[in-house]
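A short reminder: the numbers here are calculations on the coordinates, not readings from a lab. Keep in mind that this is a model prediction, so the values were computed, not measured. For neighbour counting, all protein chains shown are included, and Cβ atoms are generated from backbone atoms with ideal geometry for every residue, glycine included.
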Amino acid sequence: MTKSTYLNCEKKKAVRDFLLQQFQYSNVIGLAGPDVNEYINNIRFANCNKIKIYENNTNILFKQLVKIDKRDGRVHLNYSNIYNASPVEENTLYDLDYCATIRSLKEHVDKFRNNFIMTFSLRKCGFKETIETFFNIRKEQILSTFKEFSPIPHTIFETNKGKYIYCAYRDNTPMCCIAKIN
C-alpha cells in the first residue's frame, strides 16, 4: 500500500535534512513520492538545481503531473523504474527512497555504488538483517562503527570501500536510511 503523503512525517524529514547536508552536488536523481513539490523544495534547499524524478506507479505519477510546475525546466519527470537510471552521473546525488525492505531491493543496492541515500523499511527485517544484507550485497567488510547522538542519532560505518551513515527513525513504521558519503 502506497502512503498518500509524507508531509506529517517529522522524523523522516529530520533524517533527510541531516543526510542532505552531507552532500554537495548540483544534480539529484531520485524518487519524489506523492508530495512532489515538497520534495523539490527540500532538494533545492540543499542547493541541488537539476532534479530527475523517477516514478513507476501510475497513480503517484498522475498526482505528480497535476501538482508539478511544468514551466520549471530544471525538473524532469520520468515514467520509469529508478533502476533504469544511470548509476554513474557526474556531480549527482542518488536519493533512493525505496520504502521497501532490503529483501526486495538487492539489485538496487548493488547497482548504485556512490553518492546515495537509500531508504528502507525495517519491517520484517530489522537492523541486523538490513545491515548484514546491505554490506554482503556490496561485498564490503565493516572495519569500524561509531555511534553519534547529535544532531540526530546515527551510526557511522567505515568499510574497506568507504564511509556510510545509518539513521533509523519511526514516524508510522520503522524505517532507516543508509547514505554513502565518500
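See the values below:
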| read-out | value |
| --- | --- |
| Label corresponding to Cα extents along the principal axes in Å when calculated from the structure given, among (1) 74, 43, 36; (2) 48, 34, 31; (3) 49, 41, 37 | (2) |
| Straight-distance crosslink candidates among lysines, where the alpha carbon sits under 19 Å from residue 128 and sequence neighbours closer than 8 are dropped | 106, 139, 147, 163, 180 |
| Degrees separating the helix 126-137 axis from the principal Cα axis of the chain, which is the longest one | 90 |
| Helix-only [θ]222 nm of the chain, DSSP H runs n ≥ 4, -39500 (n - 2.57) each, per residue, nearest 500 | -8000 deg cm²/dmol |
| Dipole axis of the chain (+1 Lys, Arg; -1 Asp, Glu on Cβ), positive-most option in 120, 85, 182 | 120 |
| Charge-dipole axis of segment 34-182 as Lys and Arg at +1 and Asp and Glu at -1 on Cβ define it, positive-most pick from 65, 152, 39 | 65 |
| In degrees, nearest ten, helix 10-20 long axis to first principal axis of the chain (Cα) | 80 |
